[in-house]
Amino acid sequence: MIVRKVQDQEIRMIHEKSLEILEKVGVNFENREILDFFQKAGIRTQGSRVFFTRDQVENARKTLKSSFILETPFARLKIGDGGRAVATASGAMAILKDGKIQTPVMEDYIDLKKMDEASGIVNLGCVPGIYASDLMEGETELLKTALSLRYSKMPFIASCETGYSAAISIDFIKDFYQDTGEYYTLGIENISSPLRYTREDVAAILAYIKRNQPVCITCCSAPGMSSPITVAGTIVQNNAEILAGMVMTQMVNPGIPVIYGNVTYSSDLRKAIPVSWGPEVGVFIQYAKAMADFYQVPCRVGGSLSGAKQLDWQDGAETAISMMTTLDCQTDLMFQALGQMDCLTVFSFEKYLLDEELLEARLSAEEKNYITEENIHMDMIQRVGPGGSYMLEEETLELYRTELFHSSLFNCERYNDWKKQGMTSVISKAHEAVKERLEAYEPPVYDARRTRMLEGVLKGLDLDKIPGDS
(Lines give C-alpha, C1' and ligand atoms only; values in the text may rest on other atoms or scores of the structure.)
Protein backbone atom coordinates (compact mmCIF):
# COMPACT_ATOMS: atom_id res chain seq x y z
CA MET A 1 0.00 0.00 0.00
CA ILE A 2 1.71 3.16 -1.21
CA VAL A 3 0.59 5.97 1.10
CA ARG A 4 2.07 8.87 -0.86
CA LYS A 5 4.62 9.60 -3.56
CA VAL A 6 8.02 10.65 -2.19
CA GLN A 7 9.35 13.73 -3.98
CA ASP A 8 13.00 14.25 -4.98
CA GLN A 9 13.09 17.64 -3.26
CA GLU A 10 11.90 16.01 -0.03
CA ILE A 11 14.76 13.50 -0.16
CA ARG A 12 17.28 16.28 -0.66
CA MET A 13 15.78 18.26 2.24
CA ILE A 14 15.92 15.25 4.57
CA HIS A 15 19.57 14.70 3.68
CA GLU A 16 20.49 18.37 4.16
CA LYS A 17 18.71 18.62 7.52
CA SER A 18 20.37 15.39 8.62
CA LEU A 19 23.79 16.83 7.78
CA GLU A 20 22.89 19.88 9.87
CA ILE A 21 22.03 17.65 12.84
CA LEU A 22 25.26 15.67 12.51
CA GLU A 23 27.38 18.81 12.36
CA LYS A 24 25.60 21.07 14.87
CA VAL A 25 23.70 18.79 17.27
CA GLY A 26 25.83 15.65 17.12
CA VAL A 27 25.18 12.03 18.06
CA ASN A 28 26.21 10.29 21.27
CA PHE A 29 28.55 7.30 20.90
CA GLU A 30 28.91 6.01 24.46
CA ASN A 31 31.81 3.68 23.77
CA ARG A 32 35.40 4.52 24.65
CA GLU A 33 36.91 2.47 21.82
CA ILE A 34 35.01 4.25 19.05
CA LEU A 35 35.49 7.67 20.67
CA ASP A 36 39.26 7.12 20.68
CA PHE A 37 39.05 6.03 17.05
CA PHE A 38 37.10 9.14 16.06
CA GLN A 39 39.48 11.45 17.89
CA LYS A 40 42.53 9.91 16.19
CA ALA A 41 40.73 10.30 12.83
CA GLY A 42 40.23 14.01 13.44
CA ILE A 43 36.49 13.84 14.14
CA ARG A 44 35.28 16.53 16.56
CA THR A 45 34.05 15.12 19.88
CA GLN A 46 32.73 16.63 23.08
CA GLY A 47 32.51 14.02 25.81
CA SER A 48 30.55 11.20 24.18
CA ARG A 49 29.01 13.60 21.63
CA VAL A 50 30.39 13.19 18.09
CA PHE A 51 30.04 15.73 15.28
CA PHE A 52 30.47 14.88 11.60
CA THR A 53 31.07 17.42 8.88
CA ARG A 54 29.52 17.29 5.43
CA ASP A 55 32.83 16.24 3.90
CA GLN A 56 33.28 13.42 6.41
CA VAL A 57 29.79 12.10 5.63
CA GLU A 58 30.29 12.35 1.88
CA ASN A 59 33.66 10.57 2.05
CA ALA A 60 32.05 7.71 3.97
CA ARG A 61 29.24 7.45 1.42
CA LYS A 62 31.73 6.73 -1.36
CA THR A 63 32.48 3.24 -0.06
CA LEU A 64 28.90 2.10 0.62
CA LYS A 65 27.66 -0.98 -1.29
CA SER A 66 24.28 -1.44 -2.93
CA SER A 67 24.20 -5.20 -2.38
CA PHE A 68 26.08 -8.17 -0.97
CA ILE A 69 25.84 -11.96 -0.88
CA LEU A 70 25.70 -14.19 2.20
CA GLU A 71 27.38 -17.44 1.21
CA THR A 72 27.72 -20.55 3.37
CA PRO A 73 28.48 -24.17 2.42
CA PHE A 74 24.70 -24.76 2.34
CA ALA A 75 23.11 -21.60 0.88
CA ARG A 76 23.67 -18.41 -1.08
CA LEU A 77 21.53 -15.32 -0.49
CA LYS A 78 21.79 -11.95 -2.22
CA ILE A 79 20.51 -8.86 -0.38
CA GLY A 80 20.03 -5.68 -2.42
CA ASP A 81 19.90 -4.94 -6.16
CA GLY A 82 16.90 -7.23 -6.58
CA GLY A 83 17.90 -9.85 -4.00
CA ARG A 84 15.41 -10.07 -1.13
CA ALA A 85 15.79 -11.72 2.26
CA VAL A 86 12.82 -12.77 4.41
CA ALA A 87 13.46 -13.43 8.10
CA THR A 88 10.93 -14.21 10.81
CA ALA A 89 10.64 -13.52 14.49
CA SER A 90 13.03 -11.69 16.78
CA GLY A 91 12.61 -10.11 20.17
CA ALA A 92 9.29 -11.58 21.32
CA MET A 93 9.32 -12.14 25.08
CA ALA A 94 5.98 -13.97 25.19
CA ILE A 95 4.07 -16.51 23.13
CA LEU A 96 0.35 -16.89 22.42
CA LYS A 97 -0.53 -20.59 22.88
CA ASP A 98 -3.95 -22.14 23.36
CA GLY A 99 -5.44 -18.66 23.59
CA LYS A 100 -3.20 -17.61 26.48
CA ILE A 101 -0.08 -15.46 26.72
CA GLN A 102 2.74 -17.63 28.09
CA THR A 103 6.48 -17.46 28.68
CA PRO A 104 8.33 -19.25 25.85
CA VAL A 105 10.64 -22.15 26.60
CA MET A 106 13.42 -23.84 24.63
CA GLU A 107 10.96 -26.13 22.83
CA ASP A 108 9.15 -23.07 21.45
CA TYR A 109 12.45 -21.61 20.26
CA ILE A 110 13.35 -24.88 18.53
CA ASP A 111 9.91 -25.17 16.96
CA LEU A 112 10.42 -21.73 15.41
CA LYS A 113 13.69 -22.94 13.85
CA LYS A 114 11.85 -25.96 12.45
CA MET A 115 9.08 -23.77 11.05
CA ASP A 116 11.62 -21.54 9.34
CA GLU A 117 13.55 -24.44 7.85
CA ALA A 118 10.37 -25.95 6.41
CA SER A 119 9.03 -22.65 5.07
CA GLY A 120 9.02 -22.00 1.36
CA ILE A 121 9.20 -18.25 2.02
CA VAL A 122 11.82 -17.74 4.75
CA ASN A 123 15.41 -17.71 3.48
CA LEU A 124 17.22 -16.04 6.40
CA GLY A 125 17.18 -17.44 9.93
CA CYS A 126 17.56 -15.43 13.12
CA VAL A 127 19.62 -16.52 16.13
CA PRO A 128 17.92 -14.09 18.60
CA GLY A 129 14.49 -15.50 17.65
CA ILE A 130 12.13 -15.55 20.60
CA TYR A 131 12.91 -15.59 24.32
CA ALA A 132 13.47 -19.02 25.88
CA SER A 133 13.19 -18.92 29.66
CA ASP A 134 14.90 -22.25 30.33
CA LEU A 135 18.16 -21.54 28.49
CA MET A 136 21.13 -21.01 30.79
CA GLU A 137 21.87 -17.35 31.49
CA GLY A 138 25.32 -16.20 30.47
CA GLU A 139 25.43 -18.74 27.65
CA THR A 140 22.07 -17.99 26.05
CA GLU A 141 23.31 -16.46 22.80
CA LEU A 142 25.88 -19.21 22.14
CA LEU A 143 23.24 -21.85 22.87
CA LYS A 144 20.82 -20.15 20.51
CA THR A 145 23.50 -20.00 17.83
CA ALA A 146 24.17 -23.74 18.15
CA LEU A 147 20.44 -24.56 18.24
CA SER A 148 19.86 -22.47 15.11
CA LEU A 149 22.59 -24.33 13.25
CA ARG A 150 21.39 -27.70 14.49
CA TYR A 151 17.85 -27.21 13.22
CA SER A 152 18.37 -25.20 10.02
CA LYS A 153 20.84 -24.87 7.15
CA MET A 154 19.79 -21.41 6.00
CA PRO A 155 22.04 -18.36 6.61
CA PHE A 156 21.50 -16.59 9.92
CA ILE A 157 21.22 -13.19 11.50
CA ALA A 158 23.64 -13.73 14.38
CA SER A 159 23.38 -12.34 17.91
CA CYS A 160 23.61 -8.58 18.49
CA GLU A 161 22.63 -8.31 22.15
CA THR A 162 26.09 -7.23 23.33
CA GLY A 163 29.54 -6.94 21.84
CA TYR A 164 30.55 -10.17 23.55
CA SER A 165 27.50 -12.17 22.46
CA ALA A 166 27.88 -10.88 18.91
CA ALA A 167 31.53 -11.92 18.80
CA ILE A 168 31.00 -15.46 20.09
CA SER A 169 27.99 -15.96 17.82
CA ILE A 170 29.84 -14.80 14.68
CA ASP A 171 32.98 -16.79 15.55
CA PHE A 172 31.04 -20.00 16.22
CA ILE A 173 29.18 -19.67 12.91
CA LYS A 174 32.46 -19.09 11.08
CA ASP A 175 34.13 -22.10 12.72
CA PHE A 176 31.09 -24.25 12.03
CA TYR A 177 30.90 -23.34 8.33
CA GLN A 178 34.68 -22.99 7.68
CA ASP A 179 34.28 -22.78 3.89
CA THR A 180 32.30 -19.59 3.21
CA GLY A 181 32.09 -16.59 0.94
CA GLU A 182 33.35 -13.20 2.03
CA TYR A 183 30.13 -12.62 3.99
CA TYR A 184 28.43 -15.47 5.84
CA THR A 185 26.27 -13.89 8.55
CA LEU A 186 24.52 -10.61 9.33
CA GLY A 187 23.97 -8.43 12.38
CA ILE A 188 20.98 -6.21 13.18
CA GLU A 189 21.58 -3.48 15.75
CA ASN A 190 19.07 -0.93 17.01
CA ILE A 191 19.81 2.71 17.74
CA SER A 192 18.78 4.05 21.14
CA SER A 193 16.81 7.09 19.98
CA PRO A 194 17.09 9.99 20.20
CA LEU A 195 20.54 10.34 18.60
CA ARG A 196 22.29 7.83 20.84
CA TYR A 197 24.43 4.74 20.41
CA THR A 198 24.97 3.04 23.77
CA ARG A 199 28.21 1.29 24.70
CA GLU A 200 26.83 -2.13 23.71
CA ASP A 201 25.15 -0.80 20.54
CA VAL A 202 28.58 0.24 19.31
CA ALA A 203 30.33 -2.86 20.64
CA ALA A 204 27.95 -5.16 18.77
CA ILE A 205 28.35 -3.23 15.51
CA LEU A 206 32.14 -3.30 15.88
CA ALA A 207 32.06 -7.06 16.47
CA TYR A 208 30.58 -7.48 13.00
CA ILE A 209 32.54 -4.94 11.01
CA LYS A 210 35.89 -5.95 12.54
CA ARG A 211 35.13 -9.47 11.31
CA ASN A 212 34.16 -8.04 7.93
CA GLN A 213 30.51 -9.04 8.27
CA PRO A 214 27.56 -6.86 7.19
CA VAL A 215 25.35 -5.05 9.66
CA CYS A 216 21.89 -3.52 9.56
CA ILE A 217 21.56 -0.32 11.57
CA THR A 218 17.95 0.25 12.61
CA CYS A 219 16.14 3.11 14.32
CA CYS A 220 12.99 2.37 16.32
CA SER A 221 11.76 5.74 17.50
CA ALA A 222 8.23 6.82 18.51
CA PRO A 223 6.96 10.36 17.73
CA GLY A 224 6.57 12.56 20.76
CA MET A 225 8.59 10.19 22.93
CA SER A 226 11.96 9.31 21.37
CA SER A 227 11.61 11.48 18.26
CA PRO A 228 9.88 14.78 17.40
CA ILE A 229 6.08 14.70 17.43
CA THR A 230 5.94 15.65 13.75
CA VAL A 231 6.33 13.06 11.01
CA ALA A 232 8.87 15.29 9.25
CA GLY A 233 10.99 15.78 12.38
CA THR A 234 10.95 12.04 13.10
CA ILE A 235 12.03 11.17 9.55
CA VAL A 236 14.93 13.63 9.65
CA GLN A 237 16.12 12.52 13.10
CA ASN A 238 15.87 8.85 12.07
CA ASN A 239 17.92 9.52 8.98
CA ALA A 240 20.59 11.42 10.90
CA GLU A 241 20.87 8.53 13.39
CA ILE A 242 21.32 5.91 10.70
CA LEU A 243 23.65 8.10 8.66
CA ALA A 244 25.90 8.52 11.71
CA GLY A 245 26.11 4.75 12.11
CA MET A 246 26.88 4.26 8.43
CA VAL A 247 29.70 6.80 8.67
CA MET A 248 31.13 4.89 11.64
CA THR A 249 31.09 1.57 9.77
CA GLN A 250 32.80 3.00 6.69
CA MET A 251 35.49 4.75 8.71
CA VAL A 252 36.34 1.57 10.64
CA ASN A 253 36.07 -0.79 7.65
CA PRO A 254 35.60 1.01 4.31
CA GLY A 255 33.33 -0.96 1.98
CA ILE A 256 31.69 -3.11 4.65
CA PRO A 257 28.04 -3.68 3.61
CA VAL A 258 25.47 -1.75 5.64
CA ILE A 259 21.67 -2.07 5.52
CA TYR A 260 19.55 1.01 6.23
CA GLY A 261 16.98 -0.13 8.81
CA ASN A 262 13.84 1.54 10.11
CA VAL A 263 11.07 0.17 12.33
CA THR A 264 9.72 3.48 13.59
CA TYR A 265 6.21 3.29 15.04
CA SER A 266 3.49 5.82 15.51
CA SER A 267 2.46 6.64 19.09
CA ASP A 268 -0.52 7.38 21.30
CA LEU A 269 0.54 10.07 23.73
CA ARG A 270 -2.80 9.84 25.54
CA LYS A 271 -1.45 6.56 26.89
CA ALA A 272 2.29 7.15 26.31
CA ILE A 273 2.66 4.00 24.21
CA PRO A 274 4.09 3.20 20.75
CA VAL A 275 1.57 2.07 18.11
CA SER A 276 2.86 -0.35 15.52
CA TRP A 277 0.48 0.56 12.73
CA GLY A 278 -1.21 3.67 11.34
CA PRO A 279 -0.87 5.84 8.25
CA GLU A 280 2.28 7.41 9.68
CA VAL A 281 4.02 4.03 9.84
CA GLY A 282 3.40 3.60 6.12
CA VAL A 283 4.93 7.03 5.55
CA PHE A 284 7.97 6.13 7.67
CA ILE A 285 8.43 2.93 5.64
CA GLN A 286 8.30 4.77 2.32
CA TYR A 287 10.69 7.55 3.31
CA ALA A 288 13.17 5.10 4.83
CA LYS A 289 13.26 3.13 1.58
CA ALA A 290 13.62 6.36 -0.39
CA MET A 291 16.60 7.44 1.73
CA ALA A 292 18.22 4.01 1.43
CA ASP A 293 17.90 4.29 -2.33
CA PHE A 294 19.38 7.80 -2.17
CA TYR A 295 22.43 6.44 -0.31
CA GLN A 296 22.47 3.36 -2.59
CA VAL A 297 22.38 0.79 0.19
CA PRO A 298 20.00 -2.13 0.88
CA CYS A 299 16.98 -1.37 3.06
CA ARG A 300 15.17 -3.11 5.90
CA VAL A 301 11.70 -1.74 6.70
CA GLY A 302 8.31 -3.00 7.88
CA GLY A 303 7.40 -6.62 8.46
CA SER A 304 4.24 -8.12 9.96
CA LEU A 305 3.68 -5.16 12.26
CA SER A 306 0.63 -5.52 14.47
CA GLY A 307 -0.33 -4.16 17.86
CA ALA A 308 -3.16 -6.66 18.30
CA LYS A 309 -3.38 -8.74 21.48
CA GLN A 310 -5.14 -11.69 19.88
CA LEU A 311 -5.61 -13.25 16.45
CA ASP A 312 -8.51 -11.09 15.32
CA TRP A 313 -9.63 -8.58 12.66
CA GLN A 314 -7.24 -5.93 14.01
CA ASP A 315 -4.31 -8.30 13.77
CA GLY A 316 -5.09 -9.37 10.22
CA ALA A 317 -5.79 -5.84 8.98
CA GLU A 318 -2.69 -4.27 10.53
CA THR A 319 -0.44 -7.10 9.40
CA ALA A 320 -1.74 -7.06 5.83
CA ILE A 321 -1.37 -3.29 5.46
CA SER A 322 2.12 -3.32 6.94
CA MET A 323 3.22 -6.29 4.85
CA MET A 324 1.85 -4.91 1.58
CA THR A 325 3.46 -1.51 2.19
CA THR A 326 6.77 -3.25 2.88
CA LEU A 327 6.52 -5.20 -0.36
CA ASP A 328 5.28 -2.23 -2.40
CA CYS A 329 8.45 -0.39 -1.37
CA GLN A 330 10.52 -3.33 -2.65
CA THR A 331 12.45 -3.66 0.57
CA ASP A 332 15.62 -5.75 0.46
CA LEU A 333 15.33 -7.30 3.94
CA MET A 334 11.91 -8.08 5.36
CA PHE A 335 12.65 -8.82 9.01
CA GLN A 336 10.15 -9.93 11.67
CA ALA A 337 8.01 -10.93 8.72
CA LEU A 338 5.93 -13.70 10.29
CA GLY A 339 4.23 -14.45 13.58
CA GLN A 340 4.67 -11.37 15.78
CA MET A 341 2.01 -9.17 17.39
CA ASP A 342 1.54 -6.72 20.28
CA CYS A 343 4.22 -4.42 18.82
CA LEU A 344 6.58 -7.39 18.27
CA THR A 345 6.53 -8.51 21.93
CA VAL A 346 4.33 -11.60 21.42
CA PHE A 347 4.80 -14.51 19.00
CA SER A 348 2.19 -16.93 17.66
CA PHE A 349 2.77 -20.03 15.55
CA GLU A 350 -0.74 -19.78 14.12
CA LYS A 351 -0.09 -16.18 13.10
CA TYR A 352 3.19 -17.33 11.55
CA LEU A 353 1.31 -19.52 9.06
CA LEU A 354 -1.42 -16.95 8.42
CA ASP A 355 1.20 -14.28 7.75
CA GLU A 356 3.11 -16.72 5.56
CA GLU A 357 0.01 -17.30 3.46
CA LEU A 358 -0.47 -13.55 2.94
CA LEU A 359 3.16 -13.21 1.93
CA GLU A 360 3.06 -16.29 -0.30
CA ALA A 361 0.00 -14.96 -2.14
CA ARG A 362 1.64 -11.61 -2.82
CA LEU A 363 4.98 -13.08 -3.87
CA SER A 364 3.32 -15.57 -6.20
CA ALA A 365 1.69 -12.68 -8.05
CA GLU A 366 5.01 -10.81 -8.27
CA GLU A 367 6.81 -13.80 -9.74
CA LYS A 368 4.36 -14.61 -12.53
CA ASN A 369 4.61 -13.30 -16.08
CA TYR A 370 0.88 -12.93 -16.67
CA ILE A 371 0.58 -11.21 -20.05
CA THR A 372 2.10 -13.28 -22.83
CA GLU A 373 0.76 -14.39 -26.20
CA GLU A 374 0.53 -17.96 -24.94
CA ASN A 375 -1.17 -17.09 -21.63
CA ILE A 376 -3.97 -15.11 -23.26
CA HIS A 377 -5.26 -18.26 -25.00
CA MET A 378 -7.05 -16.51 -27.84
CA ASP A 379 -7.98 -19.87 -29.38
CA MET A 380 -9.91 -20.81 -26.21
CA ILE A 381 -11.70 -17.46 -26.12
CA GLN A 382 -12.73 -17.93 -29.78
CA ARG A 383 -13.77 -21.51 -29.14
CA VAL A 384 -16.01 -20.75 -26.15
CA GLY A 385 -17.45 -17.54 -27.58
CA PRO A 386 -20.27 -15.38 -26.16
CA GLY A 387 -22.42 -17.03 -23.49
CA GLY A 388 -20.27 -20.16 -23.19
CA SER A 389 -18.51 -21.71 -20.19
CA TYR A 390 -14.82 -22.31 -19.60
CA MET A 391 -15.36 -24.88 -16.85
CA LEU A 392 -14.62 -28.01 -18.88
CA GLU A 393 -12.16 -26.60 -21.35
CA GLU A 394 -8.87 -28.51 -21.63
CA GLU A 395 -6.83 -25.47 -20.58
CA THR A 396 -9.00 -24.97 -17.49
CA LEU A 397 -8.62 -28.57 -16.39
CA GLU A 398 -4.87 -28.38 -16.92
CA LEU A 399 -4.17 -25.03 -15.26
CA TYR A 400 -6.78 -24.40 -12.56
CA ARG A 401 -4.52 -25.68 -9.77
CA THR A 402 -1.55 -23.51 -10.68
CA GLU A 403 -2.79 -20.41 -12.51
CA LEU A 404 -4.69 -18.95 -9.55
CA PHE A 405 -3.65 -18.76 -5.89
CA HIS A 406 -5.62 -21.08 -3.60
CA SER A 407 -5.59 -20.46 0.14
CA SER A 408 -5.00 -23.48 2.33
CA LEU A 409 -6.14 -21.76 5.55
CA PHE A 410 -8.82 -19.20 4.69
CA ASN A 411 -12.44 -20.39 4.54
CA CYS A 412 -13.36 -19.75 0.91
CA GLU A 413 -16.11 -22.35 0.40
CA ARG A 414 -19.85 -21.64 0.36
CA TYR A 415 -21.36 -20.96 3.78
CA ASN A 416 -23.54 -24.10 3.80
CA ASP A 417 -20.58 -26.29 2.84
CA TRP A 418 -18.48 -24.69 5.58
CA LYS A 419 -21.31 -25.31 8.06
CA LYS A 420 -21.59 -28.98 7.07
CA GLN A 421 -17.83 -29.40 7.50
CA GLY A 422 -18.00 -28.28 11.13
CA MET A 423 -17.58 -24.48 10.83
CA THR A 424 -13.85 -24.74 11.50
CA SER A 425 -12.25 -21.35 12.20
CA VAL A 426 -9.20 -20.07 10.36
CA ILE A 427 -7.29 -20.08 13.66
CA SER A 428 -8.15 -23.75 14.26
CA LYS A 429 -7.00 -24.64 10.75
CA ALA A 430 -3.74 -22.77 11.34
CA HIS A 431 -3.27 -24.61 14.65
CA GLU A 432 -3.59 -27.98 12.92
CA ALA A 433 -1.29 -26.86 10.11
CA VAL A 434 1.40 -25.91 12.64
CA LYS A 435 1.27 -29.42 14.12
CA GLU A 436 1.46 -30.95 10.65
CA ARG A 437 4.50 -28.89 9.69
CA LEU A 438 6.36 -29.70 12.88
CA GLU A 439 5.55 -33.43 12.57
CA ALA A 440 6.82 -33.45 8.98
CA TYR A 441 10.06 -31.59 9.80
CA GLU A 442 13.31 -33.39 8.99
CA PRO A 443 16.52 -32.15 10.67
CA PRO A 444 19.67 -31.27 8.71
CA VAL A 445 22.38 -33.88 8.45
CA TYR A 446 25.95 -32.69 9.10
CA ASP A 447 29.39 -34.25 8.93
CA ALA A 448 31.13 -35.58 12.04
CA ARG A 449 33.12 -32.39 12.77
CA ARG A 450 30.07 -30.11 12.70
CA THR A 451 28.02 -32.59 14.70
CA ARG A 452 30.70 -32.68 17.42
CA MET A 453 30.78 -28.88 17.56
CA LEU A 454 27.04 -28.72 18.14
CA GLU A 455 27.06 -31.52 20.70
CA GLY A 456 29.89 -29.81 22.59
CA VAL A 457 27.83 -26.65 23.10
CA LEU A 458 24.42 -28.29 23.56
CA LYS A 459 25.49 -31.17 25.83
CA GLY A 460 23.89 -29.57 28.91
CA LEU A 461 20.45 -29.28 27.30
CA ASP A 462 17.81 -31.97 27.57
CA LEU A 463 16.99 -32.20 23.87
CA ASP A 464 15.61 -35.73 24.22
CA LYS A 465 12.39 -34.25 25.60
CA ILE A 466 11.84 -32.32 22.35
CA PRO A 467 9.42 -34.22 20.03
CA GLY A 468 11.32 -35.65 17.07
CA ASP A 469 14.74 -35.17 18.72
CA SER A 470 15.14 -38.35 20.72
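The values are calculated or read from the model by the stated rules, or taken from the named source; none is laboratory data. Remember, it's a predicted structure, so these values are computed and weren't measured experimentally. Positions of Cβ are backbone-derived with ideal geometry, glycine not excepted, and every protein chain shown enters the neighbour counts. Please note that ligands, DNA and RNA were not included when accessible areas were found on the heavy atoms of the full protein model with its side chains. Shrake-Rupley method; radii C 1.70, N 1.55, O 1.52, S 1.80 Å.
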| request: Pull out the extension gain between Ser67 and Gln310, defined as 0.36 nm times the separation in residues minus the alpha carbon to alpha carbon distance; nm, one decimal. | output: 83.7 nm
| field | Per-pair calculated FRET efficiency, R0 = 22 Å: Thr345 and Glu432 via Cβ, rounded to 0.05 | value | 0.25
| query | Label points 7 Å out from Cα along the Cβ direction at Met225 and Tyr370: separation in nm? | reply | 4.0
| Accessible surface of Glu432 in the full protein assembly, 1.4 angstrom probe, to the nearest 10 Å²? | 80
| field | Members of Lys97/Lys465; Lys271/Lys351; Lys97/Lys271 lying beyond 23 Å, as alpha-carbon distances in this model show | value | Lys271/Lys351; Lys97/Lys271
| task | For n ≥ 4 DSSP H runs only, could you compute -39500 (n - 2.57) per run for the chain, divide by its residues and tell me the 222 nm figure to the nearest 500? | result | -13500 deg cm²/dmol
| Extension gain from Ala440 to Thr45, taking 0.36 nm per residue of separation minus the Cα-Cα distance | 136.5 nm
| Based on the Cβ-Cβ distance from Asp179 to Gln296, what FRET efficiency comes out when R0 is 25 Å, to the nearest 0.05? | 0.25
| message | Explain nothing, just compute: Karplus ³J(HN,Hα) = 6.51 cos²θ - 1.76 cosθ + 1.60, θ = phi - 60°, for every residue of segment 401-411 in order, whole Hz, x for Gly and Pro. | response | 7, 10, 6, 10, 6, 10, 6, 9, 10, 6, 8
| message | What do you get for the angle between helix 313-328 and the principal long axis of the chain? Use alpha-carbon atoms, 0 to 90 degrees, nearest ten. | response | 70
| Heavy-atom accessible area ranking, 1.4 Å probe, most first, across Lys113, Lys174 | Lys174, Lys113
| query | In segment 381-452, with Lys and Arg counted as +1 and Asp and Glu as -1 at Cβ, which of these residues, Gln421, Thr402, Pro443, has the Cα nearest the positive end of the dipole, that is, farthest along it? | reply | Pro443
| query | Quick one: if you stick a label point 7 Å off each Cα along the C-beta vector at Glu403 and Met423, how many nm between them? | reply | 3.6
| task | Can you sort Glu455, Glu357 by 1.4 Å-probe accessible area, starting with the largest? | result | Glu455, Glu357
| note | Relative to the chain, whose Cα atoms define the longest principal axis, helix 426-440 and its Cα axis are tilted in degrees, nearest 10, by 80
| query | Probe 1.4 Å, all protein chains in place: accessible area of Leu142 in Å², nearest 10? | reply | 50
| With point charges of +1 on the Cβ of Lys and Arg and -1 on the Cβ of Asp and Glu, referenced to the Cα centre of segment 1-127, which listed residue (Ala87, Ser18, Ser119) lies farthest in the positive direction of the dipole? | Ser18
| note | Given backbone amide H placed at 1.01 Å from N, residues whose amide H is under 5 Å from that of Val50, ignoring those fewer than 5 places away on the same chain, are Val27, Asn28, Phe29
| request: Measure nothing fancy, just the Cα-based angle from helix 448-458's long axis to the longest principal axis of the chain, in degrees from 0 to 90, nearest 10. | output: 70
| remark: In whole Hz, the Karplus estimates of ³J(HN,Hα) for segment 138-147 (6.51, -1.76, 1.60; θ = phi - 60°; x where Gly or Pro) are x, 10, 4, 5, 5, 4, 5, 4, 5, 5
| query | Can you work out the FRET efficiency for the pair Glu20 and Leu269, with r the C-beta to C-beta distance and R0 = 35 Å, to the nearest 0.05? | reply | 0.85
| remark: Residues other than Met225 with Cβ under 14 Å of its Cβ, Lys/Arg counted +1 and Asp/Glu -1, net out at +1
| message | For Cys412, Cys343, give me the order by solvent-accessible area with a 1.4 Å probe, most accessible first, ignoring ligands, DNA and RNA. | response | Cys412, Cys343
| said: Could you report the accessible area of Thr140 in Å², rounded to 10, computed with a 1.4 Å probe on the protein chains as they sit in the structure? | reply: 30
| Considering only Cα-Cα distances, which of the following residue pairs are longer than 27 Å: Lys78/Lys144; Lys114/Lys419; Lys309/Lys429; Lys289/Lys429? | Lys114/Lys419; Lys289/Lys429
| message | Going by amide H atoms built from the backbone, whose H comes under 5 Å of the H on Cys219, apart from near neighbours? | response | Ile191, Gly261, Asn262, Val263
| request: Under 11 Å from the Cβ of Val202, count the other residues' Cβ atoms, weight Lys and Arg +1, Asp and Glu -1, and hand me the total. | output: -2
| field | Cut-off 15 Å between beta-carbons: net charge of the residues surrounding Val275, Lys and Arg +1, Asp and Glu -1 | value | -2
| field | Built amide H within the under 5 Å cut-off of Gly339, gap 5+ | value | Tyr352, Asp355
| query | Using a simple spin-label model with points 7 Å from Cα along the Cα→Cβ vector, what separation in nm is obtained for Thr451 and Glu413? | reply | 4.5
| remark: Expected vector for segment 218-235, Karplus 3J(HN,Hα) from phi with 6.51, -1.76, 1.60 and θ = phi - 60°, integer Hz, x for Gly and Pro, equals 10, 9, 9, 7, 9, x, x, 10, 10, 8, x, 5, 7, 4, 4, x, 5, 4
| said: Run the numbers for Thr162 and Leu458: contour at 0.36 nm per residue of separation, minus the present Cα-Cα distance, in nm. | reply: 104.4 nm
